[in-house]
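For reference, the structure discussed in these notes is given below.
The values are calculated or read from the model by the stated rules, or taken from the named source; none is laboratory data. What you see is a predicted model; the values in this text were computed from it and never measured. So basically every Cβ, Gly included, is an ideal-geometry build from the backbone, and we count neighbours across all protein chains shown. In case anyone asks, the SASA skips ligands and DNA or RNA and just uses the protein heavy atoms, side chains included. Shrake-Rupley method; radii C 1.70, N 1.55, O 1.52, S 1.80 Å.
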Amino acid sequence: MGVRFILFWSMLCFMQVSIAQNSHYKEAFPDKVTVRLSLQTTSNNFTLRDKITRAKTEFIPNDKSYLGLSVLFRFLEVDFGYAPNFLSENKDNGDSKLITFNIRTFFGQYMQTLDIYKQKGFFVRTADLTLPIDDLKTFKIGGTSSYIFNPDFSFRAIGFQNEWQKQSVGSFIPSISYYYTKFKLEDPIIDNQLEKSLKVAIGPGYYYNWIFDENYLVSAGATGGLGFNYSSTDGDTSFNGLAQLIFRMTGGYNSENFFSGVNINTQLLSHTSDENFILDDSISFLEFYVGYRFDAPKKWIQKADEISRKFGLE
C-alpha cells in the first residue's frame, strides 16, 4: 500500500499543467532568471522543559545573521546562506558556524521544499546561568510538501519572487512536514543527552495576499498540524505525539524587474518524551531582501520547455 501511494502521489505531481499561465490575479516570469540578495537572521533553537517542575533549559545557537543568495528559474529555487564573521553581530561568536541550504520546487499547484541546517556552537541557558558550549553541533535535514488549492494564489510572490501577485486573494494550503535532526546536546546541568530525532506532522494552513496599488503586498498565514516524534536519548528510543505551528508574514514591493521586501517566518515543533520532558524544536527566520529579474539565456528557456513538456512541470 505504501509503495502504491508514493507512486500515485508522484504521478499526480508530474501530471500538472506544464506552462505557467498569467491571469488578472498574477503574472509569471517563465523567461526570467530571478536573483535575490538578502540579509537574514535565522536559528534552530531547542528548549527542554520539565513538565513537573516547569524548569527549562534552552540551547541557543551563537550565530545571529547571515548573507543569503537565491537563484530562481521556472519551477526551481536554490538558496544558500552563510554566517560570515565580518558581520558585527557575529564577531563575538568564536568558532561557531551556521550554514543553510534550501531548495523549493513547484509541480503545478504542489510545492516541495528541502531544508538543511548545519550549526556549531551554542549557549546553554537555564534560570540560574548561561554557559557557552562551542563544541555542540546540530544537523537538520527535512522539508515540506504542500498543495495550493486556489490556482490564483501565488506563494512564489511571498518569498520567492518569480511571480507577481496582481490582486488580493487567499488559499487553503494543507501540508506535511518531516525533519530529521542529529544533535549532541550534552548539558552539564541535566542528565539527558539527546542524539537524534525524526519529526513528522500533517495539518491545514491558510494564507492571504493583500495587494495595495498593484505594486505593494502584505501577506500573512499559518499552518497547524499534528504528528509524531521518534527520538533517541541516552541510547533509549521513544515514540510520542507532536504538535506543529508555522507562521509567515511578508511585506514587499514588486514590479516587472525589481523587487524588495521583508519576510518573517517561525516554525515550532513540540513533543513530549517518556521522561516527562517537553522538547520545543523551533526555527525562526527574518529576512530583508532585494532582487532583480534578468532575461534567461535562450538555451535555458529551450531546455526548460523540453523538461516541462516531458514531465508536466510548471
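Of the residues that make up the range 297-307, is at least one out of contact with any helix residue (DSSP H, G or I) (no Cβ under 6 Å at 6 or more places or on another chain), open to solvent by less than 60 Å² (accessible area, probe 1.4 Å) and part of a strand (DSSP E or B)? Taking every residue of the range 297-307 in turn, none turns out to be out of contact with any helix residue (DSSP H, G or I) (no Cβ under 6 Å at 6 or more places or on another chain), open to solvent by less than 60 Å² (accessible area, probe 1.4 Å) and part of a strand (DSSP E or B).
Scanning the range 123-150 for residues that are under 25 Å from residue 54 (Cα atoms), open to solvent by 40 Å² or more (accessible area, probe 1.4 Å) and either at pLDDT 90 or above or not aromatic (Phe, Trp, Tyr) (or both) yields 125, 127, 128, 129, 130, 131, 132.
Would you kindly identify the strands (runs of 3 or more DSSP E) lying entirely within the range 196-275 that contain at least 1 residues that are in contact with a Ser or Thr (Cβ under 8 Å, 6 or more places away or on another chain), open to solvent by 80 Å² or more (accessible area, probe 1.4 Å) and more than 19 Å from residue 179 (Cα to Cα)?
Per the criteria, 205-212, 236-254.
State the number of residues belonging to the range 133-175 that are under 29 Å from residue 197 (Cβ atoms), touching an Asp or Glu at 6+ places or on another chain (Cβ under 6 Å) and among the hydrophobic types (A, V, I, L, M, F, W, C). Final tally of qualifying residues: 1.
Mind checking which strands (runs of 3 or more DSSP E) fall wholly inside the range 17-73 and carry at least 1 residues that are at pLDDT below 85 and farther than 28 Å from residue 299 by Cβ? The qualifying strands (runs of 3 or more DSSP E) are 32-50, 56-61, 65-73.
Scan (1) under 15 Å from the mean Cα position of the chain (by Cα); (2) under 22 Å from residue 67 (Cβ atoms) for the single condition residue 288 breaks and write down its number. The single condition residue 288 does not satisfy is (1). Scanning the range 27-67 for residues that are farther than 13 Å from residue 124 by Cα, open to solvent by less than 40 Å² (accessible area, probe 1.4 Å) and of a type in the set (Ser, Thr, Tyr) yields 34, 38, 42, 43, 65, 66.
Of the residues making up the range 151-176, those that are touching a Leu at 6+ places or on another chain (Cβ under 8 Å) and either surrounded by fewer than 21 Cβ atoms within 10 Å (Cβ to Cβ) or modelled with pLDDT of 90 or more (or both) number 2.
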